Amino acid sequence: MSLLNEEIQEQVRQAFSAMTKPVKVLFFSQGQGGALECDYCAETHQLLEELAALSDKIELEVYDFLADEAVAQQYGVDKIPAIVLLGGEPLKDYGIRFYGIPSGYEFGTLIEDLLMLSQGEHNLLPKTLEALQQIDQPVHIQVFVTPTCPYCPRAVLLAHKLAMASDHIRSDMVEAIEFPHLANKYQVYGVPRTVINEVIHIEGAVPESALIQRMMAGLKKA
């Protein structure tokens, strides 16, 4: 049974018609179809297959988290289900990650990301790009979400835009319900909750300028 009905498929197909360059989607799961298959791995795999079928600009590669350990390590994948997006010419890893199924409101984020990478445009503010040029250390952004949170996509998309704009930034969407140990570790009592380099915590979907201000201030103190 298809996860995307005909109406949604047509809407996504129309959105994907704006894609200009190829995008590669890497999916990491475990024990496909067996007892060891991770929660939501099958659903995430099916969702990605259905999306890839809607555009010839999208290529899907599937890896087993254990059997393809070297590939997982290459992309820094440490939990599943995981999605890594590659874009540009030649294809480049910008550090854009989804951990957990991008369902509910986050489905739209995945679509926006694919379009962003295909078109090569993040549309960040000039002041943001100026601030990002000052970063000379690795920055890890984790945005905790739930599928029913209407404000989460804005926070995730901004984090992914920052990753696309800076080689020093890696940005993860983390589905809080699927990874409760991480939600507990970072005291996620509401979403979206953005955690930067383990020490900067931001509640809610804040504006671009506010996020940059707090991130830069926090990095200077670290």
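Any read-out appearing in this document is the output of simple, stated calculations on the displayed coordinates, not a laboratory observation. Keep in mind that what you see is a predicted model, and the values were worked out from it rather than measured. Glycine gets a Cβ as well: all are built from the backbone with ideal geometry, and neighbour counts include every protein chain shown.
What to note about this one:
- With an a/c value of 1.5 or above and a/b not larger than b/c for the gyration tensor axes a ≥ b ≥ c computed over the alpha-carbon atoms, the stretch 149-191 is described as oblate.
- The helix-based estimate of mean residue ellipticity at 222 nm for the chain, built from -39,500 (n - 2.57) per DSSP H run of four or more residues and divided by its residue count, is -11500 deg cm²/dmol to the nearest 500.
- Footprinting exposure proxy ranking of Asp64, Asp136, fewest other C-beta atoms within 10 angstrom first, gives Asp136, Asp64.
- Considering only beta bridges that DSSP places wholly inside the stretch 110-198, some 35 percent are antiparallel.
- Radius 11 Å from Cβ of Pro147, net charge of other residues (Lys, Arg +1; Asp, Glu -1): -3
- Bridge type composition, the chain - antiparallel percent by DSSP, nearest 5: 50 percent
- Label-to-label distance, nm, for residues given as Asp78 and Glu203 (7 Å Cα→Cβ offset): 2.6 nm
- Using alpha-carbon coordinates, inclination of helix 208-221 to the longest axis of the chain, degrees: 60 degrees
- Taking a ≥ b ≥ c as the square roots of the eigenvalues of the alpha-carbon gyration tensor, the stretch 47-169 is classed rounded because a/c is under 1.5.
- Listed residue pairs exceeding 23 Å between alpha carbons, taken from Lys92/Lys220; Lys24/Lys220; Lys57/Lys127; Lys127/Lys161; Lys57/Lys79; Lys57/Lys161: Lys92/Lys220; Lys24/Lys220; Lys57/Lys127; Lys57/Lys79
- When both bridge partners sit in the stretch 6-119, DSSP labels roughly 60% of those beta bridges antiparallel.
- Taking other residues whose beta carbon is less than 12 angstrom from the beta carbon of Leu158, and scoring Lys, Arg as +1 and Asp, Glu as -1, yields -1.
- Asp39-Ala210 pseudo-label distance in nm [points 7 Å out on the Cα-to-Cβ vector]: 3.1 nm
- Whole-angstrom gap from the stretch 87-150 to the stretch 151-203, using each part's C-alpha centre: 11 Å
- Sequence-separation-based contact order of the stretch 1-75, relative, with Cα cut under 8 Å and 6+ spacing, percent: 39 percent
- Rounded, prolate or oblate (a/c below 1.5 giving rounded, otherwise prolate when a/b exceeds b/c) for the stretch 113-222 by Cα gyration tensor: oblate
- Taking other residues whose beta carbon is less than 12 angstrom from the beta carbon of Glu208, and scoring Lys, Arg as +1 and Asp, Glu as -1, yields +4.
- Percent RCO, i.e. relative contact order, over the chain, from Cα pairs under 8 Å lying at least 6 residues apart: 18 percent
- Helix 152-165 axis, angle to the chain major axis (alpha carbon atoms, nearest 10°): 80 degrees
- Helix 6-16 axis versus longest C-alpha principal axis of the chain: approximately 50°, rounded to the nearest ten.
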